[in-house]
Each structure stands twice: as C-alpha cells, then as structure tokens.
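The values are calculated or read from the model by the stated rules, or taken from the named source; none is laboratory data. Bear in mind the structure is a predicted one, so any value in this text is a computation, not a measurement. Just so you know, the surface numbers come from the protein's heavy atoms only, side chains and all, with ligands and any DNA or RNA stripped out. Shrake-Rupley method; radii C 1.70, N 1.55, O 1.52, S 1.80 Å.
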Amino acid sequence: MQQLVNGLALGSIYALIALGYTMVYGVLRFINFAHADLLMLGAYAGYFVAPALAPVFGEASYGLLAATVFLAAVACAGVGAGIEYLAYRPLRNRPKLTVLITAIGVSLLMEFGCQHPAVFGAKTRPFPQLLPAEQIHFLGATVSRVDMVIPLVTCGLLMGLWWLVQRTRMGMAMRAVSFNQQAAALMGVNNNRVISFTFALGSALAAVAGVLYSVRASGIDPLMGIRPGLIAFSAAVVGGIGDLAGAVLGGLLLGMLETYVGGLPGVSNYRDAISFGMLVVILLVRPSGLLGRAQVEKV
Amino acid sequence: MNRSILLGTVAAFCLFAGCQKPGGADGAIVVGEFASLTGKEATFGMSSHEGTQLAVEQINAEGGVLGRPIKLVTEDNQSKAGESATVVSKMISRDGAVAILGEVASSRSLEGAPICQENRVPMISPASTNPKVTRIGNYIFRVCFIDPFQGTVMANFATQKLKLRRVAVLTDVKSDYSKGLAKFFEQSFAESGGEVCARLDFNGGDKDFKAQLTTIKGSNPEAVFLPGYYTDTALICRQAKEVGLEVPFLGGDGWESEELVKIGKEAMEGHYFSTHYTPEAGSPKGAKFVEDYKKRYSGKTPDTMAALGFDSALVLVEAIRQAGTTEGSAVREKLAQIKDFEGATGRTTINGDRDATKSAVVMQIKGGKFQYVDTVKPQSKAP
C-alpha cells in the first residue's frame, strides 16, 4: 500500500514532465532536450520565491505551495518562450537534426552554466518546506501531504490541457500547426505565436513538476533534471509520443515500476535496468507506444 | 623539412617542460593537493584543504623544511569521478610536485593513487578509509583509520551501547567507501549476535529514496545503518520521516559536515555516526590546532576533515625532514616509519599496511550540533 502511494506520486511527477515533452513534440515534431533543465530552473525559482512568499501565506501551507508553483511556472514559461525565440526559431526551416543538436547544446549550457558559483553553484541546496510536515495515515500507509497533492495536480492539469487542446481556439490552432504548418499559416494561423505559446506552456509544466519534485525530494542541484527528464522522455515515448493521456499513462507506469523494483532487496540497484528493459519489451510489441496510433492525428 | 621543424618544436617543448620540473625558481618544494572544493562533497574538500593550507603556512612561518619553503598547489576535482587522475598527473608532470596530499573520498583517492605509484611520488590521503586505497602500492599512505575498524566500532556501539538486535543496511553502490563500510559493519554486527533484517541499495546523487525506505520500514528494524555521504544521508533521513520510519540511523565519518544538519534539519536529530576526531576530546596539540584554525578562518570550528588535512601535511613534512631530501623513495621510507607522531587528531602511527592506527569517536546529533558520545581505542577490537 505504501509502495502504491510512493509509486503513484513519483509516477505523477514523471507524467507531468512527460506532458511537457509530448506537447512540444506534438506541435513541432521535435524533442526539446532542455525540458529537463527547465524543471531544474523551476525548482530554483521555487527555492528563491518561497521564502519571500512565506510571510504572506504562512509557513508550510497549501496557499504557499500554490503561489510558489504559480510564480515558478510563470518564470519558466518566460524562459521557455525565450529559449524558443533565441535558439530554435532561427532554425525553424533547417533540418530537424540541427534543431535537435541545438536543443542538446542549450541543455548542456543550462546544466553546466548553472553550476558556476556565480549562478547557483554545484552544491545541493535544501528545498524549503512548503507543506505541513505531519503525515496522513491511510489504510496502513503513511502518506505525506505532497504525495497526496501530486496525483491530484497531474490529473487536473491533464484535464485542463485536454480542454485547452480540444475546446479552445488556441488548441485548434495548435492542432492545425501540428497537422501542417504551411496549411495552417495559409488559413490565417500565426504559427510563431502558437509555437511560442506551446513552449511557454510546456515550460510551465516543467516548472510545476520541478517544484513538486523538490518538495518531495527536498534537495536541489543544477543537474537534478537529468534523471527525471530522461525517464519522463521515455515515459512519453512508451505512452505514444504526442498523446497527452499516453504521457500520463507512461509516467505512471514508469514511476510504479521504479518504486516496486527499487523496493525489492537485492535488486534495488538494478531498478532502472529492469524498468527500462520492460520498456523495450513494450515497444517491441507496440512500436508506436501504448496509446499511440500510427498516422492518427494527435496533439 | 617539415619533419625537422616538428622535431625542433618537440625538442623545444621538452626543454621547456624540463626547465619547469624542479619546483619553483625560488627553490620551493612543490606539494600537490587534490580535493573536492566544489560539488556534492564540497565541504569535505574545503575543510581538508583549509587544514592542509594552515599546516603549510605554519611550517613556512617556521622557515620551511630543509631550508626551503613549501609551495602548495591545489587542484579541484569537483567531487566528480574521472577528474582526479587527470589533475594528479598534471600536478606531478607540469608542476613538479614531490608528493601528493589528497582526497577524502575513497573512490577519488583510488583514482589518483595509481598515478602517484607509477611516478614513485608518495601520496598521503587525509581521510579515505576504504582499505583498498593503500593497497594500490607502497607509495600510498593515509593518516586515518580504515573501514574494518570503523565498521566494527559502529557494530559494537549498536549491540553494546544501544542494545540493538535488528538493523537494516542501506548502501550507496556507487561509492567504494559506502560498500566497504557496510560489509565490515554487517560482519561484526552478525558476529556479535545481531541480525541484518534488510539490505538495500541506492545510487549516490539520487533524489528519491522512498521505495527503499518503505521496504526497510516493512522489515521492522530497530535502526538503519547508512554509510553514505552527507548530502544523500540528509535527504534519506528526511524522507525516512515522511514514510514514517522513526528509528535511529547510524553512519560513518562521511556524515560529518555542517551541511548534514543544514539539509536534513530536525530529521537528523538523535542519529549517531563514528568519526576520527572531535575538538572536545582533544590533546594539547589538538587544542592549539583548534585555536589557530579559528584565528586563521574567522572563527570557524575545525571539523574532522580539517584536522586530518592538517595532519597529512605535518606527517609529510616530518618525513621529508627525516629523509633530508625530497626524493620520492627516501621520503617513502621515512613515511613508513612514522611512529607516535603527535598531530591535531592525536597520535598517528603508520602500520605495515601504510594505514594509521588511531582511535575513533562516536557522535550524536542533538539540537543541530554534533555531540561527543564515546571514544573507541584501536586495541579494543581492531582486526
């Protein structure tokens, strides 16, 4: 039961990150490798704004968490759109591979740039306590507040995104750009705006995940995004990249696998090998992912 | 034609490099130091570096050794694997270091040691406790005890003082230090009648440990032995409280850093760890060291790593003085004969395995401070 809660919370975080990957991929057919570093930036944004917000909302309260998440998301949305404008937009009409390599470059620049003592420094910093410390006891399991909050946030955001993509004008524009950029432009869609919006949205998701991840794991450093980023990327692929529900499903699956394997004495160190081994099997059986359908349009 | 230019250039470089080799132009003796000044174990590197630096400054103020001052060259390996070998070769070949002082972390000492052994340059590790370090070769020494002793100390403390019977062990599989300490703890704990009820692993640098901690909780231990470094340890102890694992944690000298309490906060309260030294159990020389250190570093109290860094430099200089030369093999001979050398951490005797025979202390975390609990002499039950 306890492991179920742990796995659900961890999986929901992976799902949140995977949603960001999959959004950007859905619209641009491009993997934004810097996504994991936006998660790190989000965590640092939370680290810096939380102490300033604490007097307003009270130490360790739900209001504080919500406000911190919101501000970190806004900050990262700005940074994400900025990265898109500076690094990816000039390469819009170049081969996809060029943009991909640029994304890796941006990612490394952010990771190692932030390790410089003048930026954040390489040492691990303690993340402030944003939620009340006492746990909830539930069917024999001890659940921390954040582990309750995370799945709810993921669920809410998934529904919000689905609504945005399927029911709003911006969502329709995103689907149009995803389907065919040129045709969309001819139909009066402002491609640049749509793409900037997508990046901002994806980055905000990364920031939300970053803050929640740090509340849960409580130590942040400039390289913290790499491992969850990699896992979430795999989650997005397993779920069927480009598919929102698939990303969440993949994230939950990987979080559960990691938790259950990690808790087995004797093999706990092979948890990544085992969970990724299972991924290979899934992809062999369903090459386009669990919910991915070959050649069916999705955002 | 082309080839002669090339040869000329190579020859010029050789000459240039050759000129640089014998220390500085001022006749200073160059001693290299490699440490983790930044990164995950930064406080270890900084402390040992400050201790070493203080020792070198004091020696130079008294006129140096063999009539020559000592020049300390320091390189940072950023707490990363793979950097140490590079910086050690650089210090030996480019700076002309006659001896190398360094590393606290055993994994990184193990990277630097083969280079020193190959070049026949003596190396002294201030605080690497894994037995493998000095087995690299006869030029590698250390001024601290080793993990079989440290593991025994904690196992005895657990069974005799805390009266524990069931303990879970959580090991960092990336670290030689952690694996070694866990092994020796398990051995002696089992010998004195205890039972290890769960064995789990983590990867140093991970952020989420709840899966392992939940399994540990399910095995109902009376305590958890966690031979990790301070950053991981603090995160693990915080998450242990979150999954409701309310038992004492026991650890080794890798815990000793003020960052432990800064990151772990109240989750660290009541836990125990073994280490090399405490200012409270001091000798006259130790008391003087504490005073000098505070004066030099604006009131900071020295920790274990600082004291060991200090001693590593003193022991090296003592050997150079006795050898009457900086030649590697002569210094090595004298290092191997160091006996009852009085330093900041007490008496250091280098044994046949080039390890130091010393006592250990057990500390408890109370009110955010490290409090002295017990001293264990090496004779009591050292293997």
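Computed quantities for the displayed model
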| read-out | value |
| --- | --- |
| Taking the C-alpha atoms of chain A, convex hull volume expressed per residue in Å³ | 139 |
| Value of Rg to Rh for chain B (Rh from inverse mean 1/r over Cα pairs, i.e. Kirkwood) | 1.02 |
| Global geometry of the stretch B:51-179, whether rounded, prolate or oblate, following the gyration tensor of its Cα atoms and the 1.5 cut on a/c | prolate |
| Mean ellipticity per residue at 222 nm, deg cm²/dmol - from DSSP H runs of n ≥ 4 across chain A, formula -39500 (n - 2.57) | -23500 deg cm²/dmol |
| Per residue Cα convex hull volume in Å³ - calculated over the stretch A:1-67 | 117 |
| Gyration tensor (alpha-carbon) shape descriptor, the stretch A:56-161, a/c threshold 1.5 | prolate |
| Centroid-to-centroid separation of the stretch B:123-185 and the stretch A:56-128 [C-alpha atoms, Å] | 40 |
| In order through the stretch B:201-214: 3J(HN,Hα) via Karplus (6.51 cos²θ - 1.76 cosθ + 1.60), integer Hz, x for Gly, Pro | 10, 9, 9, x, x, 4, 10, 10, 10, 5, 4, 5, 5, 5 |
| Selected from B:156, B:60, B:77 as most flexible by GNM, with chain B as the system and alpha-carbon contacts under 10 Å | B:60 |
| Shape call, the stretch B:274-383: gyration tensor on alpha carbons, a/c limit 1.5 | oblate |
| Listing of the stretch A:265-283 residues, each with accessible area lower by at least 20 Å² in the full protein assembly than in the chain alone (probe 1.4 Å) | A:265, A:268, A:269, A:271 |
| Crossing angle, helix B:2-20 versus chain B [Cα axis fit, 0-90 degrees, rounded to tens] | 70 |
| Stokes-Einstein D (µm²/s) once Rh is taken as the Kirkwood radius of the protein assembly as shown over alpha-carbon pairs, at 37 °C in 0.692 mPa s | 121 |
| Summed buried accessible area for A+B [probe radius 1.4 Å, Å², rounded to 100] | 2500 |
| Minimum 50 Å² accessible area buried by the other protein chains, the stretch B:204-251 residues, probe 1.4 Å, relative to alone | B:207, B:208, B:210, B:211, B:214, B:238, B:242 |
| Spatial separation of Cα centroids for the stretch B:333-368 and the stretch A:201-243, in angstrom | 46 |
| When each of B:183/B:300; B:262/B:285; B:40/B:366; B:161/B:339; B:174/B:295; B:132/B:163 is checked by Cα-Cα distance, pairs over 26 Å | B:183/B:300; B:262/B:285; B:161/B:339; B:174/B:295; B:132/B:163 |
| GNM flexibility winner over chain A from A:88, A:21, A:213 (Cα, springs under 10 Å) | A:88 |
| C-alpha long axis of helix B:106-119 to longest principal axis of chain B, angle in ° | 20 |
| Accessible area of the protein assembly as shown divided out per residue, in Å², using a probe of 1.4 angstrom | 40 |
| Residues whose placed amide H lies under 5 Å from that of residue B:202, excluding near-sequence neighbours | B:171, B:172, B:173 |
| Paired Rg and Dmax values of the stretch B:105-218, which use every Cα atom, in angstrom | 16.4, 52 |
